[in-house]
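What follows is a single structure, written as structure tokens, with notes after it.
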């Protein structure tokens, strides 16, 4: 299992809405996210979610041209930790994965009433 698990906002929101945010703690023990994601979430996060700012602000700003701030910061942070795992379900981010040059893997966690919400994971690799 990867040492660093980074989460985007929407994954936290979806699990919180169905009362299952603690599922991430049960599966991964500790989650890491960014201050931008924390602000988008809009309420206090549990103590097992660590807040870390991405260092590569230039890369994050380039992603901000195509993605929302939460997605950009989470992707940037995940890329800063080789072998990390990112929990992401944003369509724009998935569509831009070729520009980001990482591999995506999907796990079929369904949630919601009328549509399925997918959590997409990618393993960051070879970031320099």
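Every number in this text was worked out from the coordinates using simple rules, so none of it is lab data. As the structure is a prediction and not an experimental result, all values here were calculated from the model. Every residue, glycine among them, receives a Cβ derived from its backbone with ideal geometry; neighbour counts consider all protein chains shown.
Listing 33, 50 from fewest to most neighbouring C-beta atoms within 10 Å gives 50, 33.
Test of understanding: ordering 80, 26 by Cβ neighbours within 10 Å, fewest first, what list do you get? Present the calculation step by step, with values, prior to reporting the outcome.
Values: 80 17, 26 8.
Neighbour counts put them in this order, fewest first: 26, 80.
Among 3, 43, rank each residue by its count of other Cβ atoms within 10 Å, from fewest to most, as a rough exposure measure. Working shown, then result.
On the way: 3 11, 43 8.
Listing 3, 43 from fewest to most nearby Cβ atoms yields 43, 3.
Subtracting the Cα-Cα distance of residue 56 and residue 44 from 0.36 nm times their residue separation leaves 1.8 nm of extension gain. As a rough guide to protection, the peptides 65-78, 12-25 ranked by mean Cβ packing within 10 Å, highest first, stand as 65-78, 12-25.
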